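Notes to accompany the following structure.
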Amino acid sequence: MTNRQAPVQKNDIYDVTFEDLTHEGSGVAKVEGFPIFVPNALPDEKAKVKVVKVKKGFAFGKIEDLYLKSPERTAAPCPIYKECGGCQLQHLSYKGQLDFKRKQVENVLARIGKLNMDDVTVHPTLGMDNPWNYRNKSQVPVGEREGGLIAGFYQQRTHEIINMERCLIQQAENDAIVQAIKDICSRHGIRAYSEETHKGWLRHIMVRYGVVSGEMMVVFVTRTPDFANKEAIISEITTQFPSVKSIVQNINTKRTNVIFGDETKVLWGEEYIYDSIGDIQFAISARSFYQVNPEQTKVLYDKALEYAQLTGEETVIDAYCGIGTISLFLAQKAKKVYGVEIVPEAIEDAKRNAALNGLDNAEFEVGPAEEVIPNWYKQGIKADTLVVDPPRKGCDEGLLRTILEMKPKRVVYVSCNPGTLARDLQVLEQGGYQTVEVQPVDMFPHTMHIENVALLTLI
Ligand code: SAH
């Protein structure tokens, strides 16, 4: 495509049928195989589209006349849906979203992973009964307007902060406390950080809510380590919200759009809040990774456990284990679980969580999975079942090579990125595994994100 002239021209109008969605939720249509990305269009819709910009391998367009609408098109309930960009699929019915996500997983496995889809079952996406108010964590940038604090989100493609009072995918408790903190801090003269001048103090507010325990944590991300009117502010927060168990300050002195800095200190209460998934309790600290949709996390982990088919005799390795969430689920049914994770604080949390739940058959080691697991293998530690849950970039090649040498009978692959999942499944298939089934789980309703758990067995 690179050397030939684009078959479309700016300002021309084309009659198209949409086939797919981009990661930003724009519709994708093709003119002589050349993709045009068009906001607010859904698969199977037909429209007259005006080309607004032509790039090297693709173009952007806008709808002139949407003359055939999808039966799954619906009115987005959120009043700030378009400005925010945090959700991409609110204008598609929830059933339409679940069907689209399944189809997308199938396409990616076939196209990128070159898997023979006759041999692989991709199940219907497991969705939520009520796909709203699911997020247990709110993390908002803070700005100022007419002397008062505002917080919400950056308007799409800008760094202008839009004030948000309610987010429909957020737990109502989180929205309520963020609103109150804005108000309390404004009254106490707290100034917002400004990215432009690198002055001011409060950069972000983060709150986390343990949906089962009812415990809340508040994190202030600030430019400097001081805290004016600290006692008064804390006292007002804790009086208004008795569910707050922990108030933490994270200091980020740098001129950066990375949210957190290196130093974290507890201002009031505990270092952790607690929450449970199923029968397992977790202590969660300010900087630990914890899944944001607890209801669907249970669905995902239950599926991973089902695929692991444990009888109590197995040795299991959990790679990329975070605070030991999946490891401890598995430890209830396995003889022994080894977890590995690169963030030292997460491994400390994992060890604490094992003790908290009286699970003494789980062992954790800090380091890159691609180094720690080959070392274990050299020491004679061999998994019957191996679970991986890597970040978006997928598994390290070295880890995949070790899996092919170690030859666990089952590999359970938990993935938040279908593209890298497909790439890694292809490597494992070439090394003697068969992908048996893939279960998409909707962890992030109304967004383009989709989580999957795949089962592979050694042929
Ligand atoms: N299984 C956990 C965490 C999954 S997120 C859960 O469900 O909660 C992926 C994790 O991989 C993160 O905690 C990240 O810190 C960790 N990670 C990233 N690169 C890694 C590597 N090379 N080796 C081990 N862990 C890594």
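Out of all the residues in the range 220-245, which are closer than 25 Å to residue 283 by Cα, out of contact with any Lys or Arg (no Cβ under 8 Å at 6 or more places or on another chain) and not in a helix (DSSP H, G or I)?
Matches in the range 220-245: 220, 241, 242, 243, 244, 245.
If you scan the range 8-63, which residues turn out to be open to solvent by less than 50 Å² (accessible area, probe 1.4 Å) and of a type in the set (S, T, N, Q)?
Matches in the range 8-63: 22, 26.
On the given criteria, is residue 423 in a helix (DSSP H, G or I), charged (D, E, K, R) and under 30 Å from residue 90 (Cα atoms)?
Details: in a helix (DSSP H, G or I): yes; charged (D, E, K, R): yes; under 30 Å from residue 90 (Cα atoms): yes.
Answer is yes for this residue.
Would you check if residue 97 is on the phi < 0 side of the Ramachandran plot, touching a residue at least 60 places away in the same chain (Cβ under 8 Å) and open to solvent by less than 10 Å² (accessible area, probe 1.4 Å)?
yes
Against the definition (of a type in the set (Ser, Thr, Tyr), touching a residue at least 24 places away in the same chain (Cβ under 8 Å) and either over 30 Å from residue 376 (Cα atoms) or assigned to a loop (DSSP other than H, G, I, E, B) (or both)), how does residue 256 come out, yes or no?
Against the criterion (of a type in the set (Ser, Thr, Tyr), touching a residue at least 24 places away in the same chain (Cβ under 8 Å) and either over 30 Å from residue 376 (Cα atoms) or assigned to a loop (DSSP other than H, G, I, E, B) (or both)), residue 256 does not qualify.
Mind checking which residues of the range 1-35 are β-branched (Val, Ile, Thr) and in contact with a Phe, Trp or Tyr (Cβ under 7 Å, 6 or more places away or on another chain)? First the steps, then the outcome.
Our first condition is that a residue be β-branched (Val, Ile, Thr); within the range 1-35, this holds for 2, 8, 13, 16-17, 22, 28, 31.
Result: 8, 22, 28, 31.
Being within 31 Å of the chain's Cα centre (by Cα) and in a strand (DSSP E or B) is the filter here, so list the residues in the range 54-72 that pass it.
First pass over the range 54-72, keeping only residues within 31 Å of the chain's Cα centre (by Cα): 55-63, 69-72.
Within the range 54-72, 59, 60, 61, 62, 63 meet the criteria.
Please specify each residue of the range 166-219 satisfying the condition of being at pLDDT below 95 and either buried (at least 20 other Cβ atoms within 10 Å of the Cβ) or touching a strand residue (DSSP E or B) at 6+ places or on another chain (Cβ under 6 Å) (or both).
Listed by number, the list is empty, since nothing qualifies.
Just one of (1) at pLDDT 95 or above; (2) surrounded by fewer than 21 Cβ atoms within 10 Å (Cβ to Cβ); (3) within 11 Å of the ligand (Cβ to nearest atom); (4) β-branched (Val, Ile, Thr) trips up residue 343, so point out which.
The number of the failed condition is (1).
When the range 378-401 is examined, which residues are found to be over 27 Å from the mean Cα position of the chain (by Cα) and open to solvent by less than 10 Å² (accessible area, probe 1.4 Å)?
Passing the criteria: only 383.
Within the range 358-377, which residues are away from the ligand (no atom under 13 Å from the Cβ), in contact with a strand residue (DSSP E or B) (Cβ under 6 Å, 6 or more places away or on another chain) and open to solvent by 40 Å² or more (accessible area, probe 1.4 Å)?
Result: 363, single match.
The values are calculated or read from the model by the stated rules, or taken from the named source; none is laboratory data. All values derive from a computational prediction rather than experimental measurement. Cβ sites come from the backbone with ideal geometry, for glycine too, and all protein chains shown count toward neighbours. Surface areas here come from the heavy atoms of the whole protein model, side chains and all, with no ligands, DNA or RNA. Shrake-Rupley method; radii C 1.70, N 1.55, O 1.52, S 1.80 Å.
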